[in-house]
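Only one structure is covered here, and it is reproduced in the block below.
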């Protein structure tokens, strides 16, 4: 995402919790920063893309964080998958400092990010979203708006990731069933994705599961657990039961207990195969 901002001609200041991970960006013209606050000092727009609530809260609201140094009238765009509650808190904290805040989480695996083909879900004040459009256009193929409350974008993202997890679960079970009858998984997935299930999510995850291609991880197992738990928390806040999400959470926990920590979250499909006695 940051590489695409550089290619589009934006001036980019880079901060990463692991400094070595920022080196490819600084080599490509990005300016390094020692702290998130330093990165925010002269910025018109600060984009955060971090793993979880703790990382985002620390980088934005912690000591030497973005909120302390971001100028009045400047903007924070949170593109991470975070909780509804944290998004609401960020909106309040930035407003109190005279700063703008929008949420804009993304859909798309690493290859889509590299190609600038992400789908971006945005929410926040209309004028702030319009200001951010040039950076969105550098990173994504389409932007979807969901109103002026930033947390609405987070609700959409969490519900979407829950649906992806449900696709992985159902594909894993269906492929295990057909394998038991001797049907080759690649042929089965080709049939599915050339007929009723031609959506990208079925093509991508069907291929990963059929070929047992779970490493290197495009989206690590523990991050999948985090997102399902955030979806459950969002659901609980409004009394909306997600029984399938509860099942998937337990299956991801089982996968972690079986040593799948470093695998892609599509590897939860291995549980269905193992339960069916398949190797």
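Annotations for the structure displayed:
- Seen against the Cα atoms of the chain and their longest principal axis, helix 200-210 is set at about 50 degrees.
- The GNM of the chain, with springs linking C-alpha atoms under 10 angstrom apart, assigns the highest mean-square fluctuation among 31, 21, 89 to 21.
- For region 154-275, the alpha carbon convex hull comes to 103 Å³ per residue, rounded to a whole number.
- Relative compactness, region 143-224, computed as alpha-carbon Rg over 2.2 N^0.38 Å: 1.31
- Exposure proxy order (Cβ contacts within 10 Å, fewest to most) of 82, 47: 47, 82
- Relative contact order for the chain, counting Cα pairs under 8 Å that sit 6 or more residues apart, in percent: 14
- The long axis of helix 185-194 is offset from the longest Cα principal axis of the chain by roughly 60 degrees.
- Mean ellipticity per residue at 222 nm, deg cm²/dmol - from DSSP H runs of n ≥ 4 across the chain, formula -39500 (n - 2.57): -16500 deg cm²/dmol
- Crossing angle, helix 243-257 versus the chain [Cα axis fit, 0-90 degrees, rounded to tens]: 90
- For region 73-151, the convex hull spanned by the alpha carbon atoms encloses 77 Å³ per residue.
- By DSSP, the beta bridges lying fully in the chain are antiparallel in about 20 percent of cases.
- Annotation for region 30-88 versus region 107-157: alpha-carbon center distance of 17 Å.
- 5 Å-binned pair-distance histogram of the chain (Cα, whole percent): 1, 6, 12, 15, 17, 16, 13, 9, 7, 3, 2, 1, 0
- For region 2-149, the calculated P(r), taken from all Cα-Cα distances in 10 Å bins from zero up to the bin holding the longest distance, is 12, 44, 39, 5 percent.
Read the figures in this text as sums done on the coordinates, not as results from a lab. Quick caveat, the model's predicted, so the values are computed rather than measured. Please note: Cβ atoms are built from the backbone with ideal geometry, for glycine as well, and neighbour counts cover all protein chains shown.
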